[in-house]
1. Could you order Glu34, Glu42 so the one with the most accessible surface comes first? Probe is 1.4 Å.
2. Convert each backbone phi in the range 48-55 into a coupling constant with the Karplus relation 6.51 cos²θ - 1.76 cosθ + 1.60 (shift: θ = phi - 60°), then list the ³J(HN,Hα) values in order as whole Hz, x for Gly and Pro.
3. Can you work out the FRET efficiency for the pair Val167 and Ser41, with r the C-beta to C-beta distance and R0 = 45 Å, to the nearest 0.05?
4. Quick one: how many Å² of Val162 are accessible to a 1.4 Å probe, rounded to 10?
5. Which length gain, in nm to one decimal place, applies between Ile158 and Leu200 when the Cα-Cα distance is subtracted from 0.36 nm times their residue separation?
6. Just read off the accessible area of Leu170 with the full protein assembly in place, 1.4 Å probe, to the nearest 10 Å².
7. Could you check the simple spin-label distance between Met140 and Ile192, using points 7 Å along Cα→Cβ, in nm with one decimal?
Amino acid sequence: MKHLIITALTLAALFASTFVLTRITGLVTAEGIEWAVRSASEISVVYVALAIVALLALDIVIAMPTLTLAIMAGYFLGSLLGAASAAVGMTIAGLTGYGFCRFYGPGLLASIYRNPSKLEEVQKLFNTHGAVVLLMCRAMPILPEVACCMAGASRMPIGRFVLYYMVATLPYACIAAYAGARSSLEDPTPAIGAAIAMTLSLWIAWLLFLRRHRRVMSANGGKTFDIN
């Protein structure tokens, strides 16, 4: 398990560095994102949808405030179109990370783990736990990108990846967009409430999974279990 954790932390550090870099340089800011979406809204809703999709798709290389963008999508586009735009953007990001790491990930992992047995262990462990990781990936920032890259690098079947990723992404996009559509500048309560509720729910689910995992590991004498 420690080898899988090392790999995940390595990927997380890589994605976190893009977040730090963009904040230090000021290339991506919340104000700049809001300005871009508002400017697009003055032209056409089509441009707003394209802006949302593009910004969320970039999340795979530049850390973006995913939840904020999904809520903004609902605010400017309404529940249905906002949810669709957010879901499409997040799906593009996920598939990009999966596809890139499916082709180049094994080589990158091989450069981290010179010992083939350790590399095989990492791939086996993610294939065992990958479903839950993808289902819970919206629990915290950076985890979606890490999960998608790990799924690709471990050669998780594309159908299984899409299923688990969409089960996690579609409700997330729909709830956030609905909250944004119900909010206004005068009353942002729905958006704030949805953000808090989704974050807490996903965190609780993640913690419950970790707790169950520790119990099963202890009961099995340290052996892992298959949940796929």
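1. The residues order as Glu42, Glu34, largest area first.
2. 5, 4, 5, 5, 4, 4, 5, 5
3. 0.90
4. The accessible area of Val162 comes to roughly 60 Å².
5. On the way: separation 42, 0.36 × 42 = 15.12 nm, distance 2.94 nm.
Result for the pair: 12.2 nm of gain on full extension.
6. Here the accessible area works out near 80 Å².
7. Those two pseudo-labels are separated by 2.6 nm.
The values are calculated or read from the model by the stated rules, or taken from the named source; none is laboratory data. Quick caveat, the model's predicted, so the values are computed rather than measured. Cβ coordinates were reconstructed from backbone atoms using ideal geometry, including for glycine residues, and neighbour counts include every protein chain displayed. What goes into the accessible areas is simple: the full protein's heavy atoms, side chains included, and nothing from ligands, DNA or RNA. Shrake-Rupley method; radii C 1.70, N 1.55, O 1.52, S 1.80 Å.
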